[in-house]
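All of the numbers you see were taken from the coordinates with simple rules; none came from a lab. A quick note: this is a predicted structure, and the numbers were derived from the prediction, not measured. Neighbour counts run over all protein chains shown; Cβ positions are idealised from the backbone, glycine included.
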Amino acid sequence: MNPTEYPNGNVVLTNENGIGTIEFFHPASNSLPRAILKLLAEAITAAGEDDAIRVIVLKSSGDRAFCAGASFDELTFISDEEIGKEFFMGFARVILAMRKAPKFIIGRVQGKTVGGGVGLASSVEYCFATKHASIKLSELAIGIGPFVIGPAVQRKVGLSGMSQLAIDATSWRTAEWAQNQGLFAQVFNTAEEMDQHVAVLAKKLAKSNSQAMEALKQSFWLGTENWENLLEERAAMSGALVLSEFTKNAISAFKTGQR
């Protein structure tokens, strides 16, 4: 994707030989405003429903930033709890679309990822990364918490890993740490090396039994049957907390480089 063609960001779905690639971009380090979240959920759903696609690869544009998480610009303008809930439901809908898609999703994480980006990486079935793919859940530092993405992250790294990320909200964890916790399956020195392995696995899966893969994916997600209600409740929690003076001041400080 050529970033200069999409000054407000974009999501593109392509299919080559049964491999559906979803690539998202936003000029602010691939952050996730509502429009991008909506496009992501729609692309994942479309790929899941397309019989010509047998496996999905999720990636972002650029070299060193996989995803900067929620858009601070949009968080600043949330004026009531309902608008706040709807903003965070954008993340819920993406996670639910990934859960419901009847195909394996391979994640490609080329660089740092924060908040909602960690939620994306946690919701794929198999995630590749480079050594530059440090992760952080920064939500508590601005007075909220990783409530919506929390179930997805905890499902991958366990309660201990999730609590470490959520509590120490200003510290980066290395790609090696994320691999040891089970978030990343493999970590590579370069994006080129990673892409070779992404291609190999995607090609293998594109030739595999689709019914077997769908059944296996369902088994991976056992215990998440209540997530539609759970994530909606979590979105409401975040939507209320984001209205606090603490959060508004913290976001302003982050935007002006004071924190």
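Shape call for segment 1-100 from the C-alpha gyration tensor, a ≥ b ≥ c root eigenvalues: rounded (a/c under 1.5), prolate (a/b greater than b/c) or oblate? Let's see the in-between values first.
Numbers: a/c = 2.63, a/b = 1.41, b/c = 1.87.
Oblate shape, in that a/c is at least 1.5 and b/c is the bigger or equal ratio.
Build a GNM of the chain with springs between Cα atoms under 10 Å: which of THR224, THR130, THR21 gets the top mean-square fluctuation?
Highest fluctuation of the listed residues: THR224.
Got the relative contact order for segment 3-211 handy, in percent, Cα pairs under 8 Å and 6 or more residues apart?
Numbers: 414 pairs, mean separation 39.5, N = 209.
Relative contact order for segment 3-211 comes out at 19 percent.
Looking at segment 22-105, which chymotrypsin sites (Phe, Trp or Tyr not before Pro) are in a loop (DSSP not H, G, I, E or B) and have at most 15 other Cβ atoms within 10 Å?
PHE77
What are the ³J(HN,Hα) couplings of segment 71-83, residue after residue, when phi is run through the Karplus curve with 6.51, -1.76, 1.60 and θ = phi - 60°? Round to Hz, x for glycine and proline.
Rounded to whole hertz, the list is 6, 4, 4, 6, 4, 4, 9, 6, 10, 8, 5, 5, 5.
Trypsin sites (Lys or Arg not before Pro), restricted to segment 48-154: which are DSSP loop and have at most 10 other Cβ atoms within 10 Å?
Passing both the DSSP loop test and the Cβ count: no residue.
Quick one: of the DSSP bridges fully inside the chain, what percent are antiparallel, nearest 5? Provide the component values of the computation, followed by the final result.
Details: 8 of 29 bridges.
Here the share of antiparallel DSSP bridges comes out near 30 percent.
Find which of ALA169, VAL157, LEU216 sits farthest along the positive direction of the dipole of segment 157-259, computed with +1 on the beta-carbon of Lys and Arg, -1 on that of Asp and Glu, about the Cα centre.
ALA169
Taking all pairs of distinct Cα atoms, average 1/r, flip it, and tell me the Kirkwood hydrodynamic radius of segment 3-211 in Å to one decimal place.
With all distinct Cα pairs of segment 3-211 included, I get 17.0 Å.
Name the chymotrypsin sites (Phe, Trp or Tyr not before Pro) in segment 165-251 that are in a loop by DSSP and that have at most 16 other C-beta atoms within 10 Å, would you?
Passing sites in segment 165-251 are TRP172, TRP221.
In nm, what is the difference between 0.36 nm times the number of residues separating ALA199 and GLU176 and their Cα-Cα distance?
Full extension of this stretch gives 6.1 nm more.
Going by amide H atoms built from the backbone, whose H comes under 5 Å of the H on PHE188, apart from near neighbours?
ALA129, THR130, LYS131
Determine ³J(HN,Hα), in whole Hz, for all residues of segment 35-49 in sequence, where each value follows from phi through the Karplus function 6.51 cos²θ - 1.76 cosθ + 1.60 and θ = phi - 60°; x replaces Gly and Pro.
Once rounded to whole Hz, the list reads 4, 5, 4, 4, 5, 5, 4, 5, 5, 5, 4, 4, 5, x, 8.
Between 0 and 90 degrees, rounded to the nearest ten: what's the tilt of helix 150-167 against the longest Cα principal axis of the chain?
That works out to roughly 40 degrees.
Would you list, by chain and number, the aspartates and glutamates whose Cα falls below 13 Å from the Cα of LYS131, excluding same-chain residues fewer than 8 positions away?
The reachable aspartates and glutamates, counting only those whose Cα sits under 13 Å from LYS131, are ASP63, GLU176, GLU192, GLU193.
Using just the Cα positions, wrap segment 191-259 in a convex hull and report its mean projected area in square nanometres, one decimal place.
8.8 nm²
Roughly speaking, what is the centre-to-centre gap between segment 144-217 and segment 43-117 when only Cα atoms are used, to the nearest Å?
Computed from Cα coordinates, the inter-centre distance equals 14 Å.
Quote to one decimal, in nm, the extra length available between GLU82 and ASP51 on full extension: 0.36 nm per residue of separation minus the C-alpha distance between them. Please report the intermediate quantities before stating the final value.
Details: separation 31, 0.36 × 31 = 11.16 nm, distance 3.67 nm.
Stretched out fully, the GLU82 to ASP51 stretch lengthens by 7.5 nm.
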